[in-house]
Amino acid sequence: MKPIWGALAGLALGSGAMCAHADAYLSLGYGHHEQDDRFFGGDRFDTGDVIVKLGGLVNRWFGVELRAGTTADSNKDDLRGLPGVEGEYRMRYFYGAYARLNWANSSFITPYVIGGYTQAKEELKVDNVGSEDDKWHDTSYGAGLDFGLARHFGVNVEYMFYRDKDNVTIKGPSASAVWKF
């Protein structure tokens, strides 16, 4: 586990130094994430997550990014096999470090692919019983589009696979407002 923290710290320090010399950005967005249902008896369920990203472009083709998020719109439903007992699922937090490969071009739209590592803590609260926490980590990947609307402002749309292991997939689209500095 210590090598993971060391790698994240190295990426954070590297991206901080890079941001001083490259095209850096900060974004705030919302993701609509779908995951395999382990709790409620359906096939899948959705959550809404707030996502903050800090990143920068090393050059036109390559960038790094740190992101963190939490669930803003949790999933509440009766638990599987326990009619009348309601549970509530949320990601308490998730964070990660990622590398981006951009398709640099002369238009205001920049397509990219992204990959990296995500760590998270999820929680299931059960009425009148308590809550159970679980931590997970996985390699994450996705693709997106950056729309440069002004010199210091843009929007971003993305589809990300945050988790795909232990028979659980957490994936979905997100949209963000981006401030470039």
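The values are calculated or read from the model by the stated rules, or taken from the named source; none is laboratory data. On a predicted model such as this, the values are computed, not experimentally measured, just so you know. Note that each Cβ is placed from the backbone with ideal geometry, even for glycine, and that neighbours are counted across all protein chains shown. To get the accessible areas, we keep the full protein, side chains included, count just its heavy atoms, and leave off ligands, DNA and RNA. Shrake-Rupley method; radii C 1.70, N 1.55, O 1.52, S 1.80 Å.
Descriptive notes on the structure:
- Restricting Gly31, Gly87 to those that are in contact (Cβ under 8 Å) with a residue 40 or more places away in the chain, farther than 27 Å from Leu145 by Cβ, open to solvent by less than 40 Å² (accessible area, probe 1.4 Å) and among the small types (Gly, Ala, Ser) reduces the list to Gly87.
- Restricted to segment 145-181, and to residues there that are of a type in the set (Gly, Ala, Ser) and under 12 Å from the mean Cα position of the chain (by Cα), the residue that is surrounded by the fewest Cβ atoms within 10 Å (Cβ to Cβ) is Ala175.
- Phe153, sole failed condition from (1) free of Cβ contacts under 8 Å to residues at least 12 places away in the same chain; (2) more than 30 Å from Pro83 (Cα to Cα): (1)
- Any hit, segment 127-144, residues being surrounded by 13 or more Cβ atoms within 10 Å (Cβ to Cβ), part of a strand (DSSP E or B) and in contact with a Pro (Cβ under 6 Å, 6 or more places away or on another chain): no
- Some residue of segment 2-10 being modelled with pLDDT under 90, β-branched (Val, Ile, Thr) and closer than 22 Å to Lys165 by Cβ: yes
- Matching residues, segment 133-169, being of a type in the set (Val, Ile, Thr) and modelled with pLDDT of 95 or more: Thr139, Val155, Val157
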